Amino acid sequence: MDFQLTEEQLAVQAAARDFAQNDLLPGVIERDTYEKFPAEQIKKMGELGFMGMMVDPKYNGGGMDTVSYVLAMEEISKIDSSASVAMSVNNSLVCWGLEKYGTEEQKEKYLKRLATGEIIGAFCLSEPEAGSDATSQRTTAEDKGDYYLVNGTKNWITNGNSASVYLVIAQTDKEKGHKGINALIVERETEGFVVGKKEEKLGIRGSDTHSLMFQDMKVPKENRIGEDGFGFNFAMSTLNGGRIGIAAQALGIASGAYELALKYSKERKAFGKEINQHQAIAFKLADMATQIETARLLCLKAAWLKDQKQDFSQASAMAKLYASQVAMDTTVEAVQVHGGYGFVKEYHVERLMRDAKITQIYEGTSEIQKIVISRNILK
Ligand SMILES: Cc1cc2nc3c(=O)[nH]c(=O)nc-3n(C[C@H](O)[C@H](O)[C@H](O)COP(=O)(O)OP(=O)(O)OC[C@H]3O[C@@H](n4cnc5c(N)ncnc54)[C@H](O)[C@@H]3O)c2cc1C
């Protein structure tokens, strides 16, 4: 066992930290307030290699390991989770899914541009009536010979109005249940593709979350990922890996809030001493540090297992379940350490507290993670 990061991993971590401090921190409060998508910042993330970190260099990716991805996600999420969710979806759902299951033609046509961040992708599984129960797909992809005729509505799609390529999950053969579902690559310009309303959200307010409507949209057969009926397995497999990204996002939100609380506790004085000299505050900091370190180890273990090509489904579910709870607990306590200042935007911790909540909901709620973990334990 080796807890030492390699020089390359440390370099990725430092580059992500610099980028977050220099490019994401300025304007993050304004983007949150006015729900502004960090388009320029994401473009730069592409130039720095953060949008296709694990993709093979032959498809223009960074060829990095999942551990490096976790390190970068943590640093970027300390500052701006609206940027890191775009990064997470592009890396672990769209790029990873295409690289693992796409055809050579699909990789040439789409992956090469997604991996550089020249274009970004979206992952479209959830529907108004199909969230946790993703088998209840109402979106249909009728087989019409050389194309699929797609109709339906998707909800809550991250990068919904900013993406160029959408991986859409839809039901082709209802009688076959989840074995009749397909995953299709849809280009934004396709006729019948309509971007619906933007959601007004509690947190990650800079993220571009939209519903999408498909009206008699014709998608060529060559845009199907995998064999006929592979779509549900495709979605579950990509979400398994995606959970590592969201776990790392939760970790970053927690460690960002902790760093701010630690700093503030050294600056603020009450009753003649720094507030961290009051044991009630010192113990909060001790609890935060311990929980964050535990979450970090779970994230890195899940990433390491994935890099070793071992089964990581239980590990990624545990990492997401735990890290998202730590994000909630730490951010609430970080606001408390800041007192009244924690309640205003300028000090950042109230935003981190609002951003933390989504990590318990998307890419499988905490309850769904417990189902995954308990099924693994009991099998
Ligand atoms: C900001 C945001 C961004 C998102 N981005 C995307 C995206 O890019 N692509 C995408 O496809 N989706 C996306 N989603 C959707 C997200 O993944 C779903 O909201 C989530 O999976 C939960 O589904 P639901 O909202 O339908 O809740 P439901 O499934 O209706 O769940 C409601 C409650 O019931 C619980 N529950 C449900 N089933 C069970 C069960 N069997 N056992 C115990 N408890 C259960 C849930 O845990 C939850 O507490 C996003 C959502 C949000 C809010």
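The values are calculated or read from the model by the stated rules, or taken from the named source; none is laboratory data. No experiment lies behind these values; they were computed from the predicted model shown. As a convention, Cβ positions derive from the backbone with ideal geometry for all residues, glycine included, and neighbour counts pool all protein chains shown. In case anyone asks, the SASA skips ligands and DNA or RNA and just uses the protein heavy atoms, side chains included. Shrake-Rupley method; radii C 1.70, N 1.55, O 1.52, S 1.80 Å.
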- Determine one quarter of the surface area of the Cα convex hull of the range 32-91, which equals its mean projected area, and express it in nm² to one decimal. 3.9 nm²
- Note on the structure: With R₀ set to 30 angstrom, the calculated FRET efficiency between the beta-carbons of Thr103 and Glu191, to the nearest 0.05, is 0.80
- Longest principal axis of the chain (C-alpha) makes with the long axis of helix 313-337 (C-alpha) an angle, in degrees to the nearest 10, of 40 degrees
- For Lys174 and Ile29, extending 7 Å from Cα along the Cα-Cβ vector and measuring point to point gives, in nm, a value of 5.3 nm
- Query: Under a 1.4 angstrom probe, counting protein chains only, how are Thr172, Thr158 ranked by accessible area, largest first?
  - Reply: Thr172, Thr158
- List the longest stretch of the chain that has no exposed loop site; here a site is one of the chymotrypsin sites (Phe, Trp or Tyr not before Pro) assigned by DSSP to anything other than H, G, I, E or B, with at most 16 other Cβ within 10 Å. 35-270
- Going 7 Å from the Cα of His278 in the Cα-to-Cβ direction, what parts of the range 335-363 have a backbone nitrogen less than 13 Å from that spot? 336-341
- Message: At a threshold of 8 angstrom on Cα-Cα distance, excluding pairs fewer than six apart, so keeping six or more, what relative contact order does the range 245-379 reach in percent?
- Response: 33 percent
- With each pseudo-label sitting 7 Å past Cα toward Cβ, what's the Leu262-Leu10 distance in nm, one decimal? 1.8 nm
- Item | Cα→Cβ-extended label distance, 7 Å offset, between Gln336 and Ile377, nm | 2.7 nm
- Which residue, Ala20, Ala315, Ala39, has the most motion in a Gaussian network model of the chain that connects Cα atoms within less than 10 Å? Ala39
- Message: Using a Gaussian network model on the chain with a 10 Å cutoff between Cα atoms, which of Gly63, Gly160, Gly206 fluctuates the most?
- Response: Gly63
- Taking the chain as a Gaussian network, where each spring joins two C-alpha atoms under 10 Å apart, which residue of Ala317, Ala295, Ala280 fluctuates the most? Ala280
- Message: Largest first, please: the extent of the C-alpha atoms of the range 61-144 along each principal axis, to the nearest Å.
- Response: 42, 31, 21
- Sort Met353, Met45, Met328 from largest to smallest accessible area, using a 1.4 Å probe on the heavy atoms of the protein chains. Met353, Met328, Met45
- Taking the inverse of the average 1/r across all pairs of different Cα atoms in the chain, what Kirkwood radius in Å do you get? 21.0 Å
- Query: Is the shape of the range 186-227 best called rounded, prolate or oblate, per the rule: a/c under 1.5 gives rounded, else a/b larger than b/c gives prolate, else oblate, with a ≥ b ≥ c the square roots of the Cα gyration tensor eigenvalues?
  - Reply: prolate
- Query: If contacts are Cα pairs under 8 angstrom and at least 6 residues apart, what is the relative contact order of the range 292-365 in percent?
  - Reply: 26 percent
- Cα-based shape type of the range 186-258, given that a ≥ b ≥ c are square roots of the gyration tensor eigenvalues and the cut on a/c is 1.5: oblate
- Query: Going through the range 293-342, which trypsin sites (Lys or Arg not before Pro) have at most 13 other Cβ atoms within 10 Å and a DSSP loop state?
  - Reply: Lys309
- Between the range 1-77 and the range 282-354, what's the alpha-carbon centroid distance in Å? 18 Å
- Message: Rg over Rh of the range 109-220, using C-alpha atoms and the Kirkwood radius, what does it come to?
- Response: 0.97
